[in-house]
1. Show me the GluC sites (Glu not before Pro) within the range 59-148 that DSSP assigns to loop and that have at most 14 other Cβ atoms within 10 Å of their Cβ.
2. Can you give me the relative contact order of the chain as a percent, contacts being Cα pairs under 8 Å and 6 or more apart?
3. May I ask you to work out the translational diffusion coefficient for the range 2-187 at 37 °C, viscosity 0.692 mPa s, via Stokes-Einstein with Rh from the Kirkwood sum over Cα pairs, reported in whole µm²/s?
4. For n ≥ 4 DSSP H runs only, could you compute -39500 (n - 2.57) per run for the chain, divide by its residues and tell me the 222 nm figure to the nearest 500?
5. For a Förster distance of 35 Å, can you work out the FRET efficiency between the beta-carbons of I59 and L104, rounded to the nearest 0.05?
6. Please work out whether the range 19-112 counts as rounded, prolate or oblate from its C-alpha gyration tensor, where a ≥ b ≥ c are the square roots of the eigenvalues and a/c under 1.5 means rounded, while otherwise a/b larger than b/c means prolate and anything else oblate?
7. How large is the Kirkwood hydrodynamic radius of the range 96-180, counting all unique pairs of alpha carbons, in Å?
8. Could you list the trypsin sites (Lys or Arg not before Pro) in the range 87-139 that lie in coil according to DSSP, counting only those with at most 12 other Cβ atoms within 10 Å of their Cβ?
Amino acid sequence: MENELLISLANVCIKIHERKLANGLSGNVSIRINNEILITPSGLSLADIQPEDLVVLDIEGNYISGNNKPSSEKLMHLEIYKNRPHINCIIHTHSPAATTFAFLNKQIMPISPESAIFIPKLPIVHFEPYGSKMLAESVSYNLKDCNAVLIEKHGVVTVGSGISQAYNLLEVVEETAIMNIYMNAIKNL
Ligand SMILES: [Zn+2]
């Protein structure tokens, strides 16, 4: 069971990269199994993640195992898990369309049926330095009653009870951001 989850996590990292939801060395993904957090390492593209590259931490962030340095956004992942006991997967990316809305602090309107259901509310978290405790607390606070947020001038975070829930939500956020761009372009024709 645990091995299957690790393979699923590695596969979703590759999918995130293939679908251009993260590129270069950006983006990080984690899962919770029992009381342990398995998180992608820093300095490695999501396209290349193998199960053995994951870093295992306890909920306080103490190192348990793994040969790499954990993602620089580990505080954000840990803080969300502490505050959302039913969340078992977190994805953070700089997906291009949603991140452009985040950069401009502009709301993404839920204009598709999926977005109306899954992201009726998509808060924009005020900018805080990358990897900081302030960012971790602010993102976690804004995720208390929803499963996706934008971070001003930074990117997107989605969470779910499992890997596919968090991933599917990321697709909905990015696709809805693209539709918002189309809508604004077409409105002015
Ligand atoms: Zn980031």
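Readers should treat all values here as calculations from the given coordinates under stated rules, not as data from a laboratory. Predicted model only: the values in this text are computed from it and were never measured. So basically every Cβ, Gly included, is an ideal-geometry build from the backbone, and we count neighbours across all protein chains shown.
1. Working: sites: E60, E73, E79, E114, E137; in loops: E60, E73.
Passing sites in the range 59-148 are E60.
2. Numbers: 369 pairs, mean separation 39.9, N = 189.
In percent, rounded to a whole number, it is 21.
3. Values: Rh = 16.2 Å.
Approximately 203 µm²/s, per Stokes-Einstein.
4. Numbers: 6 runs with 77 residues, N = 189.
Mean residue ellipticity, 222 nm, calculated: -13000 deg cm²/dmol.
5. Values: r = 35 Å, r/R0 = 0.99.
Between I59 and L104 the formula returns 0.50.
6. Working: a/c = 2.37, a/b = 1.48, b/c = 1.60.
Oblate, because a/c is 1.5 or more while a/b does not exceed b/c.
7. On the way: mean 1/r = 0.0790 Å⁻¹.
Averaging 1/r across every pair of different Cα atoms and inverting gives 12.7 Å.
8. K121
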